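A quick write-up on the structure given underneath.
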Amino acid sequence: QVQLVESGGRLVQPGGSLRLSCVGSGVMFGISDMAWYRQAPGKERELVARASIGVGTNYADSVKGRFTISRDNAKNTVYLQMNNLKPEDTATYYCKQMGYPYWGQGTQVTVSS
């Protein structure tokens, strides 16, 4: 069985920070690019950050300079460090192993005063 479990989301004030985690079981993250997506109510799911199988990363323009994706392949875990959070970051966040169809339940991030 394949499971992706995202965690770390919560209510946070603007300007705050969170670190999201995604732990996979029945999978091997080290063989694939990894990514974080998010989806706000009424909007399409969008790619936020991507980490290549090597060392490269890329980010949506809206989060550049604020978010950092990282990975620990030995732990089958990918992280998203989120700094200087803004209300427009409010969404459900999902991790994705590129090239595979699996999704977890996501973790909710709410940025509000």
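The values are calculated or read from the model by the stated rules, or taken from the named source; none is laboratory data. These numbers come from a predicted model, not from an experiment. Neighbour counts run over all protein chains shown; Cβ positions are idealised from the backbone, glycine included. Accessible surface areas use protein heavy atoms only, side chains included; no ligands, DNA or RNA. Shrake-Rupley method; radii C 1.70, N 1.55, O 1.52, S 1.80 Å.
Restricted to region 65-78, and to residues that are surrounded by 15 or more Cβ atoms within 10 Å (Cβ to Cβ) and among the polar types (S, T, N, Q), which residue is farthest from Cys95 (Cα to Cα)?
Pass one, region 65-78, residues surrounded by 15 or more Cβ atoms within 10 Å (Cβ to Cβ): 66-69, 71, 76-78.
This time we only want the ones that are among the polar types (S, T, N, Q), so: 68, 76-77.
Values: Thr68: 13, Asn76: 12, Thr77: 10 Å.
Per the criteria, the residue is Thr68.
The number of residues in region 80-90 that are assigned to a strand (DSSP E or B) and crowded, with 22+ Cβ neighbours inside 10 Å comes to 2. Filtering region 59-74 to residues that are aliphatic (A, V, I, L, M) and either more than 11 Å from the chain's Cα centre (by Cα) or over 24 Å from Ser25 (Cβ atoms) (or both) leaves Ala60, Val63, Ala74.
Of the residues making up region 91-113, those that are of a type in the set (Ser, Thr, Tyr) and open to solvent by 40 Å² or more (accessible area, probe 1.4 Å) are Tyr100, Tyr102, Thr110, Ser112, Ser113. Looking only at residues in region 41-98 that are acidic (Asp, Glu) and free of Cβ contacts under 8 Å to residues at least 24 places away in the same chain, the one that is farthest from Pro14 (Cα to Cα) is Asp72.
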